[in-house]
Amino acid sequence: MRWISVWRRNMLVWRKLFAAAVLTNLADPLIMLFGLGYGLGALLPSVEGMSYIAFFSAGQLCTATMFTASFESMFSGFSRMHGQKTWDAILYAPLVIDDIVAGEILWAASKAWLTGSTILGVVVVFGFASSPLVLLALPAAFLVGLAFAAVGLIMTVLARGWDFFSYYMTLFMTPMMMISGVFFPVERLPAPLVAVAQALPLYHGVELVRPLVAGRLPDSVPLHMAVLLGYAAVGYAAAIYFARRRFSE
Amino acid sequence: MSVLTARGLRKSYSGVEVVSGVKLDVARGECFGLLGPNGAGKTTTLRLCLGLIEPDAGEIELLGEPVPRRAREARARVGVVPQFDNLDPDFTVAENLVVFGRYFGMAAREIEARMPALLEFAGLAGRGAAKIATLSGGMKRRLILARALVNDPQILFMDEPTTGLDPQARHLIWERMRHLTQEGKTLVLTTHFMEEAERLCQRLAIMDRGRIIAEGSPRALIAEHIEPQVLEVHGPGYEAWMQRACSLAPRVERAGDTVFVYAQDVAPILKTLGGEKDLAYLHRRASLEDVFLKLTGRDLRD
């Protein structure tokens, strides 16, 4: 439980910079949700039995959660580790690098969860979802946050500079967003791309959240949870491995 | 009684040995200095002692705990003042102390109770709400010192604690450090300021190329390694004069355009300067710096 002091440190900074944090984490995805949702939605008939904006809101909830987790663990994490040398200072105390990695991942997941739940609030307030089942999207959003926080932190502890993150975002996150059923049903894609999407975490987040927004229980819940938890666990272990290596230099 | 011992410490980075068999013994309540040119292995030695990196060979015991195996337990009673500022820029002075205290598992109430004394000690009384960006270099250093004291450590590791400070700020830090040793705390510092080492340290070790090449009190090191008197001479025609000086003194060195003459008694050599109107000179007692330069050489280290 020593990681909690690292988590609390980051939470305290977030509280101080609350306005800016909320603006960047929420305004962007919400503008996109309403812009694309209503704009594109006006041209489209219902998708999978939902209005386009309701369909898209489930994908957008997962995407925004993914982005918050990734930005926090990569850009903010790298700034703490590399720029401010905050990690070095923490290591003077009776904490080890594993505690810091755990604290960073759980913090980024918590912050991402807050983004996800706020978007969920918007989804409910605007009537895109009406079943109480949609509340189950809250734990699902936390799993999405956890998976991307952990994978993002691998990038952070491997990074030698800020440019490194553009590779991850351009080569991994953006294509994944396109094939994971965020904007349109995955069934529209050629089979090989579907297979790729199924191997990636975002798809499983969307598969969990969309049925809940539609008011029914998702299929294959254990599988989706296992994939998200798997990414989180492997990401955590790999981040610790590379962080130990980096800090033993 | 030893609070820090190290035996046969070795550490290599990609085939280059930066610490080659270091032995340390630091007694409770003393101020121990680790001196050396850049790249001598001082910081690596400190990091090894703190258990932040693992040695390739050797044994370390810090406050009775084997390091790195139980470094975490040892660090609970240790304070660290790093060479570079790593205060939390998003926090105020007081928040920096509270957040740092939490890393030691301290409750906020416990830290708040220590806060006035810590701020007072750091000369930052009434500045608890100040932002880090508004502090001067000296204030930041003092805050880092206060931060290192938040857990009331028994031993403090200070890596070049006054590098980059102006003389006023440096003297204040020195005064605080003496205060800490009077309270019974042990200080281990690295420095390449000879004046700092001479003023503060009861005992010091001179390190070069990963090895400790001399150890003792500042006075003993001077007495053991160098002639007590020094004459520094420079100016036009110093080369010709240097030829003469060589026959009169046991050791004559040249660094750039300055001649250093070391001797038990420089009076006979001073006489030869009487007729040399162009030469400027300085006659002084030998210092730790002379020992340092003799042992580590005058070549630049980058």
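Of note:
- Flag if A:VAL182 is closer than 22 Å to A:ALA64 by Cα, of a type in the set (Val, Ile, Thr), part of a helix (DSSP H, G or I) and touching a helix residue (DSSP H, G or I) at 6+ places or on another chain (Cβ under 9 Å): no
- Among the residues of region B:80-106, the one identified as hydrophobic (A, V, I, L, M, F, W, C) and at pLDDT below 95 is B:PHE84.
- From the list A:SER57, A:SER110, A:SER76, A:SER70, the lone residue that is assigned to a helix (DSSP H, G or I), over 30 Å from A:GLY215 (Cα atoms) and modelled with pLDDT of 95 or more is A:SER76.
- Pairs where the first residue, in region B:69-80, is more than 8 Å from every other protein chain (Cβ to nearest Cβ) and the second is hydrophobic (A, V, I, L, M, F, W, C) and surrounded by fewer than 16 Cβ atoms within 10 Å (Cβ to Cβ), C-beta under 8 Å, 6+ apart: none
- Residues that are closer than 27 Å to A:ILE90 by Cβ and within 14 Å of chain B (Cβ to nearest Cβ) do not occur anywhere in region A:24-39.
- Of the residues making up region B:1-58, those that are within 11 Å of chain A (Cβ to nearest Cβ) and in a strand (DSSP E or B) number 2.
- Any hit, region A:11-20, residues being within 14 Å of chain B (Cβ to nearest Cβ), touching a residue at least 40 places away in the same chain (Cβ under 8 Å) and closer than 30 Å to B:LYS131 by Cα: yes
- Conditions (1) away from chain B (no Cβ under 14 Å); (2) more than 21 Å from A:ARG15 (Cβ to Cβ); number of the one not met by A:SER117: (2)
- For B:ALA205, the requirement of being over 23 Å from B:GLY36 (Cα atoms), of a type in the set (A, V, I, L, M) and modelled with pLDDT of 95 or more is not met.
- Applying the criterion of at least 1 residues that are touching a strand residue (DSSP E or B) at 6+ places or on another chain (Cβ under 7 Å) and under 23 Å from B:THR44 (Cα atoms) to the strands (runs of 3 or more DSSP E) found wholly in region B:193-255 leaves B:203-208, B:211-216.
- Tally, over region B:82-114, of residues that are at the interface with chain A (Cβ under 9 Å from one of its Cβ atoms) and of a type in the set (A, V, I, L, M, F, W, C): 7
- Flag if A:ALA108 is within 26 Å of B:MET106 (Cα to Cα), in contact with a helix residue (DSSP H, G or I) (Cβ under 9 Å, 6 or more places away or on another chain), buried (at least 23 other Cβ atoms within 10 Å of the Cβ) and touching a residue at least 24 places away in the same chain (Cβ under 8 Å): yes
- When region B:256-302 is filtered for residues that are in a loop (DSSP other than H, G, I, E, B) and either assigned by TED's automatic domain parsing to the domain that holds B:GLU196 or closer than 27 Å to B:ARG199 by Cα (or both), the ones remaining, listed by number, are B:GLN264, B:ASP265, B:VAL266, B:ALA286, B:SER287, B:GLY297, B:ARG298, B:ASP299, B:LEU300, B:ARG301, B:ASP302.
- Residue count for region B:239-258 under the criterion of being among the hydroxyl-bearing types (Ser, Thr, Tyr) and farther than 15 Å from B:LYS271 by Cα: the result is 1.
- The lone exception for A:SER57 - which of (1) surrounded by 17 or more Cβ atoms within 10 Å (Cβ to Cβ); (2) farther than 18 Å from A:TRP113 by Cβ; (3) of a type in the set (Ser, Thr, Tyr) it fails: (2)
- Residues (over 26 Å from B:PRO37 (Cβ atoms) and exposed (fewer than 11 other Cβ atoms within 10 Å of the Cβ)) located in region B:242-267: B:GLN243, B:SER247, B:GLN264, B:ALA267
- Residues located in region B:179-189, provided they are part of a helix (DSSP H, G or I) and touching a strand residue (DSSP E or B) at 6+ places or on another chain (Cβ under 8 Å): B:LEU180, B:THR181
- The residue that is nearest to the other protein chains (Cβ to nearest Cβ), counting only those in region A:62-106 that are under 15 Å from the mean Cα position of the chain (by Cα) and among the hydroxyl-bearing types (Ser, Thr, Tyr), is A:SER76.
The values are calculated or read from the model by the stated rules, or taken from the named source; none is laboratory data. Since we're looking at a predicted model, the values are computed, not measured. Reconstructed Cβ throughout: ideal geometry from the backbone, glycine too, with neighbour counts over all protein chains shown.
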